[in-house]
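K.L.:
Take a look at this one; I'll ask things after.
The values are calculated or read from the model by the stated rules, or taken from the named source; none is laboratory data. Model, not experiment: these values are computed from the prediction. As a convention, Cβ positions derive from the backbone with ideal geometry for all residues, glycine included, and neighbour counts pool all protein chains shown.
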Amino acid sequence: GVDGNQQHQPFYDYSLIRFVGTQGAASRFLRPAFERKVADLLTDEQRERLKQAKQDRAAAIHQRFLSFLVMLIDREVFLTSEQYPVVVDSLNGVVGTLTNSLYSFSPQTYYLTFSSLSNAVARIPKKVFNDAQKAVLDDLHANTNGGQYLTFMTNDGTANWYTTLRQHLQAQRTRFAHASEVRVAHMSAELQLNDAAARHLSLAASGAATEELFRWKRTAEQELQQWEQQLPQMGGGNFGFSINIPQMSTLEDNNIWTSAVSAISNADRPGDIGEARKERILTGYKNCVLGNLDQELWLTPDQAAKMDTLLQQTLASHHPDSQEASFNNYMQYIRELCLLAIPLYRIEEAQLAEILDESQLEAWKQMKGEFRKNQDYINLPIRSGGEFMFQIP
């Protein structure tokens with residue numbers, strides 16, 4: 001029968017990600033009674049081969065999702081090349097066998113059910129991380145960024161809006177200071193910088209953080225002024241609106257920071273280090289997508305290897321972090337669905353036909369059918385009648 005709580009779910013039981021979740025319809029095919037019925041049809045040798053194949057598949061999916069979770073950590077704390085394998089092993093020891101990628105530093109359960117990545121990281125020995133990284137992780141664990149948005153209510157009064165903004169700006173200064181320190185520590189360790197070069201980089205990081213926060217504050221104040229001007233036409237009543245918090249990624253593109261990086265000793269190596277890190281991030285995204293596709297399509301090892309190569313190429317050309325992607329505001333709610341939309345719409349059917357069998361191709365089309373294409377936008381309908389609308393890179 002259908003769970004009585006189904007009517008409260010934003011997606012149907014057979015929807016992407018939800019279908020293959022621990023409570024999804026696909027779980028019915030993994031229950032002991034069903035497996036016993038299948039086993040009764042097989043010889044002893046076939047049963048053993050099936051058992052081994054399932055174990056191998058589960059291990060491969062686990063490793064893909066583990067790679068993605070480490071990438072999420074890496075994005076925040078800038079792991080060194082020495083730290084990276086240590087964090088992989090450490091996290092592997094605390095998360096158990098992963099059957100999904102739904103972990104986040106700001107977990108919520110409105111649409112997809114995310115677990116806390118901070119809680120998992122907290123179980124990794126502290127000695128694995130340096131002081132700068134510990135400060136960033138403490139910020140994330142305390143959720144000092146308050147999520148992705150800063151919310152204002154009209155009943156609070158316009159004067160209080162600006163007071164709230166100033167108070168929030170102070171929290172962001174601390175957050176950006178820690179983010180700057182972690183980037184300096186990363187470059188210092190990877191390039192083995194001397195004290196003078198490290199100080200030069202630290203000053204540049206501080207300057208970049210100050211400049212980016214000033215830009216964000218100016219933009220936020222302009223948005224508040226626009227809302228203030230519109231209030232007389234709103235007809236009264238209390239309602240809320242939100243402003244995006246400043247993004248740490250702006251630090252890497254800041255001219256003060258990039259100029260300092262290019263000026264330090266061994267100036268040819270920072271680019272190599274940056275490219276290696278970008279490749280790790282791309283691979284993490286690819287492993288997330290491949291793991292979720294494997295959950296839906298039941299790829300053979302040979303198919304998974306071919307799909308791995310195809311996804312790496314596709315995501316390199318259509319990177320999830322691209323400026324052309326407009327789903328960043330939705331990533332905390334439907335991250336995996338946003339990521340799946342990229343291959344579903346960017347990989348040609350002729351390419352798939354070389355990898356998937358007929359039933360898998362049909363399943364691919366059904367997955368794609370969960371979304372709607374509207375000119376340059378992808379629409380993802382939800383059960384209540386609303387929808388998410390975003391662009392993919």
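Residues checked against (1) in a helix (DSSP H, G or I); (2) touching a residue at least 60 places away in the same chain (Cβ under 8 Å); (3) not small (G, A, S):
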{"site": "G93", "(1), (2), (3)": "yes, no, no"}
{"site": "S106", "(1), (2), (3)": "no, yes, no"}
{"site": "L112", "(1), (2), (3)": "no, yes, yes"}
{"site": "R123", "(1), (2), (3)": "no, no, yes"}
{"site": "V136", "(1), (2), (3)": "yes, yes, yes"}
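K.L.:
Could I ask something else about it? Scan (1) more than 18 Å from Q9 (Cα to Cα); (2) crowded, with 16+ Cβ neighbours inside 10 Å for the single condition E354 breaks and write down its number.
P.N.:
(2)
K.L.:
Is there a residue in the range 303-320 that is charged (D, E, K, R), assigned by TED's automatic domain parsing to the domain that holds T99, modelled with pLDDT under 95 and out of contact with any Asp or Glu (no Cβ under 7 Å at 6 or more places or on another chain)? Spell out how you get there, then give the answer.
P.N.:
Filtering the range 303-320 down to residues charged (D, E, K, R) leaves 306, 308.
Narrowing the set further to residues that are assigned by TED's automatic domain parsing to the domain that holds T99 leaves 306, 308.
If we keep only those that are modelled with pLDDT under 95 too, we end up with none.
Scanning the range 303-320 turns up no residue that is charged (D, E, K, R), assigned by TED's automatic domain parsing to the domain that holds T99, modelled with pLDDT under 95 and out of contact with any Asp or Glu (no Cβ under 7 Å at 6 or more places or on another chain).
K.L.:
Can you pull out the residues in the range 39-85 that are among the polar types (S, T, N, Q), in contact (Cβ under 8 Å) with a residue 60 or more places away in the chain and more than 22 Å from A305 (Cβ to Cβ)?
P.N.:
If the condition is that a residue be among the polar types (S, T, N, Q), in contact (Cβ under 8 Å) with a residue 60 or more places away in the chain and more than 22 Å from A305 (Cβ to Cβ), then T80, S81 are the ones that fit.
K.L.:
Taking the range 57-84 as the region of interest, how many residues are assigned to a helix (DSSP H, G or I) and either within 15 Å of V184 (Cα to Cα) or in contact with a His (Cβ under 6 Å, 6 or more places away or on another chain) (or both)? Reasoning before the result, please.
P.N.:
Within the range 57-84, the subset assigned to a helix (DSSP H, G or I) is 57-77, 83-84.
Next, only the ones that are either within 15 Å of V184 (Cα to Cα) or in contact with a His (Cβ under 6 Å, 6 or more places away or on another chain) (or both) stay: 74-77.
Going through the range 57-84 one residue at a time, the tally reaches 4.
K.L.:
Residue under question is A26, and the condition is that it be closer than 30 Å to L282 by Cβ and either surrounded by 15 or more Cβ atoms within 10 Å (Cβ to Cβ) or in contact with a Phe, Trp or Tyr (Cβ under 9 Å, 6 or more places away or on another chain) (or both); does it hold? Break it down into steps so the answer makes sense when it comes.
P.N.:
Working: closer than 30 Å to L282 by Cβ: yes; either surrounded by 15 or more Cβ atoms within 10 Å (Cβ to Cβ) or in contact with a Phe, Trp or Tyr (Cβ under 9 Å, 6 or more places away or on another chain) (or both): yes.
Considered against the rule, which asks whether it is closer than 30 Å to L282 by Cβ and either surrounded by 15 or more Cβ atoms within 10 Å (Cβ to Cβ) or in contact with a Phe, Trp or Tyr (Cβ under 9 Å, 6 or more places away or on another chain) (or both), A26 comes out as yes.
K.L.:
Go through the range 216-233 and give me each residue that's out of contact with any Phe, Trp or Tyr (no Cβ under 9 Å at 6 or more places or on another chain) and not polar (S, T, N, Q).
P.N.:
Kept after step one, since they are out of contact with any Phe, Trp or Tyr (no Cβ under 9 Å at 6 or more places or on another chain), are these residues of the range 216-233: 216-220, 222, 225-226, 229-233.
Scanning the range 216-233 gives W216, K217, R218, A220, L231, P232.
K.L.:
Considering only the range 139-153, I want to know if a residue exists there that is within 25 Å of R218 (Cβ to Cβ), touching a Leu at 6+ places or on another chain (Cβ under 8 Å) and either loosely packed, with under 13 Cβ neighbours inside 10 Å or not hydroxyl-bearing (S, T, Y) (or both).
P.N.:
yes
K.L.:
Quick one: would you say K278 is out of contact with any Pro (no Cβ under 7 Å at 6 or more places or on another chain), under 30 Å from L356 (Cα atoms) and modelled with pLDDT of 95 or more? Before you say what the answer is, go through the steps one by one.
P.N.:
Values: out of contact with any Pro (no Cβ under 7 Å at 6 or more places or on another chain): yes; under 30 Å from L356 (Cα atoms): yes; modelled with pLDDT of 95 or more: no.
No, not satisfied.
K.L.:
Hey, among the residues in the range 164-219 that are buried (at least 18 other Cβ atoms within 10 Å of the Cβ) and of a type in the set (D, E, K, R), which one's nearest to I73 (Cα to Cα)?
P.N.:
Residue satisfying both the conditions and the ranking: R183.
K.L.:
Another question about this same structure. I'd like to check something: does the range 141-155 contain any residue that is within 15 Å of the chain's Cα centre (by Cα) and in a loop (DSSP other than H, G, I, E, B)? Step through it out loud before you land on a result.
P.N.:
Taking the range 141-155 and keeping what is within 15 Å of the chain's Cα centre (by Cα), we get 147-148.
Filter again for in a loop (DSSP other than H, G, I, E, B), leaving 147-148.
Yes, there is a match, as at least one residue in the range 141-155 is within 15 Å of the chain's Cα centre (by Cα) and in a loop (DSSP other than H, G, I, E, B).
K.L.:
Looking at the range 342-350, can you tell me whether even one residue there is among the charged types (D, E, K, R), closer than 21 Å to L72 by Cα and in the same structural domain as L79 (by TED's automatic domain parsing)?
P.N.:
No, the range 342-350 contains no residue that is among the charged types (D, E, K, R), closer than 21 Å to L72 by Cα and in the same structural domain as L79 (by TED's automatic domain parsing).
K.L.:
Hey, does the range 264-274 have a residue that's crowded, with 17+ Cβ neighbours inside 10 Å, touching a Gly at 6+ places or on another chain (Cβ under 9 Å) and aliphatic (A, V, I, L, M)?
P.N.:
no
K.L.:
Quick check, is L191 more than 26 Å from the chain's Cα centre (by Cα) and touching a residue at least 40 places away in the same chain (Cβ under 8 Å)? Working first, answer last.
P.N.:
Details: more than 26 Å from the chain's Cα centre (by Cα): yes; touching a residue at least 40 places away in the same chain (Cβ under 8 Å): yes.
Yes, satisfied.
K.L.:
Please specify each residue of the range 311-352 satisfying the condition of being touching a strand residue (DSSP E or B) at 6+ places or on another chain (Cβ under 7 Å) and of a type in the set (A, V, I, L, M, F, W, C).
P.N.:
Within the range 311-352, F327, I334, L337, C338, A341 qualify.
K.L.:
Within the range 193-204, can one find any residue that is in a helix (DSSP H, G or I), closer than 25 Å to I243 by Cβ and among the small types (G, A, S)?
P.N.:
Initially, the range 193-204 is screened for residues in a helix (DSSP H, G or I), giving 195-204.
Okay, now just the ones that are also closer than 25 Å to I243 by Cβ, so none.
No, that holds for no residue.
K.L.:
For A325, indicate whether it is modelled with pLDDT under 95 and either of a type in the set (D, E, K, R) or surrounded by fewer than 20 Cβ atoms within 10 Å (Cβ to Cβ) (or both). Walk me through how you get there before you give the answer.
P.N.:
Numbers: modelled with pLDDT under 95: yes; either of a type in the set (D, E, K, R) or surrounded by fewer than 20 Cβ atoms within 10 Å (Cβ to Cβ) (or both): yes.
So A325 fits the description; yes.
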